[in-house]
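The values are calculated or read from the model by the stated rules, or taken from the named source; none is laboratory data. The structure presented is a predicted model; accordingly, all values stated were derived computationally and were not measured. So basically every Cβ, Gly included, is an ideal-geometry build from the backbone, and we count neighbours across all protein chains shown. Remember, those area values only see protein heavy atoms, side chains included, never the ligands or the DNA or RNA. Shrake-Rupley method; radii C 1.70, N 1.55, O 1.52, S 1.80 Å.
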Amino acid sequence: PVRAGLEHKRKLFMTNSIPLDVEESEEIYFNIYMAKVMEKCIGLKLQGDLTHLYVAETTAEDKITVDKFLPKSDKLTIAIAPFSSTRMKDLPPNTYKAFIEKFHAKENCRFVIIGGKSDVQKDFYLPAEDIDLRGKTSMTETAEILRRSDYFIGSCSAPLHMAAATKTPSLAFYGPTSPQKWAPLNYCNYIQHKQDCSPCDRVGHGIFCNEENICMKSITAEEILTAFEKLRKQYPIQPIQSV
């Protein structure tokens, strides 16, 4: 009887619609909002920490691979994921270039660029002393890279959520999407230049601005530097977790 009841609720959840509060869905972190939907629909109350997503455990093989890609260093290590699922969510490459040059001039650091195979050919400036791992790592290897990094910088994308899952302090950039909905609730600060049309992802990225993307283009390297220093003070470097 219990199994039959759960099966009935599962079918209800999969086939019956419930009213969607669009305004609320943009103001509540996605995990928490979906948990509310499930509870309202089938009475299932999710337990555990809903403030971030989760990543699979890193394997011994993953760690060996990351040892080769990311040698131990005394330098401040900053992972960057410059590309997301749509270019409308990305900062212009020149903004990253200006930030990287300015930060190298003041800090002993190294940047580690992560991304998928589709990102390999995209134009991105990276000094010779930095590490480009686009298209070279699996999801769990990427998670291990983020775990070993001191900080993460990027826009609304999967690596941002992976960084939060590994408790790597992050600075995120938001424009077409809502940070209230998509920004991890812990270990994450964000910059947003909210426009009258923000967020636009519910109807199509860039549909109101003819893809001018002013919400992302207006973020400056100087602004990123200031926000990143604030992040560092808020989340001082901790001892590297055992690997």
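Going through THR58, THR65, THR77, THR142 one at a time, which residue ends up being modelled with pLDDT under 95 and either more than 29 Å from GLU212 (Cα to Cα) or assigned to a helix (DSSP H, G or I) (or both)?
So the residue among THR58, THR65, THR77, THR142 that is modelled with pLDDT under 95 and either more than 29 Å from GLU212 (Cα to Cα) or assigned to a helix (DSSP H, G or I) (or both) is THR58.
If you go through the stretch 168-186 and keep only what is modelled with pLDDT of 95 or more and open to solvent by 10 Å² or more (accessible area, probe 1.4 Å), you end up with just PRO169.
Number of residues in the stretch 187-203 that are within 14 Å of SER218 (Cα to Cα) and buried (at least 22 other Cβ atoms within 10 Å of the Cβ): the value is 0. Each residue in the stretch 30-81 was checked for being at positive phi and open to solvent by 60 Å² or more (accessible area, probe 1.4 Å), and 1 of them qualify. Does any residue in the stretch 153-168 that is without any contact (Cβ under 8 Å) to a residue 24 or more places away in the chain come within less than 6 Å, Cβ to Cβ, of a residue that is open to solvent by less than 10 Å² (accessible area, probe 1.4 Å) and of a type in the set (Phe, Trp, Tyr) six or more places away or on a different chain, and which pairs are these? From residues that are without any contact (Cβ under 8 Å) to a residue 24 or more places away in the chain, there are no pairs. The listed residues are ALA158, ALA164, and the only one of them that is at pLDDT 90 or above, open to solvent by less than 30 Å² (accessible area, probe 1.4 Å) and under 22 Å from ASP49 (Cβ atoms) turns out to be ALA164.
One residue stands out in the stretch 97-121 among those that are among the aliphatic types (A, V, I, L, M) and in contact (Cβ under 8 Å) with a residue 12 or more places away in the chain: the one that is nearest to LEU160 (Cα to Cα), namely ILE114. All of ILE224, ILE237 fail the test of being in contact with a strand residue (DSSP E or B) (Cβ under 9 Å, 6 or more places away or on another chain), at pLDDT 80 or above and either open to solvent by less than 90 Å² (accessible area, probe 1.4 Å) or on the phi > 0 side of the Ramachandran plot (or both), apart from ILE224.
For (1) modelled with pLDDT of 95 or more; (2) under 24 Å from GLU141 (Cβ atoms); (3) of a type in the set (Phe, Trp, Tyr); (4) in a helix (DSSP H, G or I), each residue gets a yes or a no:
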residue	(1), (2), (3), (4)
SER85	no, yes, no, no
MET88	no, no, no, yes
LYS102	yes, no, no, yes
LEU126	no, yes, no, no
GLU129	no, yes, no, no
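Go through the stretch 116-147 and count every residue that is among the small types (Gly, Ala, Ser) and within 18 Å of ASP90 (Cβ to Cβ). Of the residues in the stretch 116-147, 3 are among the small types (Gly, Ala, Ser) and within 18 Å of ASP90 (Cβ to Cβ).
Of the residues making up the stretch 120-141, those that are within 17 Å of LYS68 (Cβ to Cβ) and either open to solvent by 70 Å² or more (accessible area, probe 1.4 Å) or out of contact with any Asp or Glu (no Cβ under 9 Å at 6 or more places or on another chain) (or both) are ASP130, ILE131, ASP132, LYS136. Those residues that are among the aliphatic types (A, V, I, L, M) and loosely packed, with under 14 Cβ neighbours inside 10 Å, I need them from the stretch 89-119; list them, please. Result: ALA105, single match. Output the residues belonging to the stretch 187-217 that are closer than 23 Å to ILE153 by Cα, modelled with pLDDT under 90 and among the polar types (S, T, N, Q). Matches in the stretch 187-217: GLN195, SER198, ASN213.
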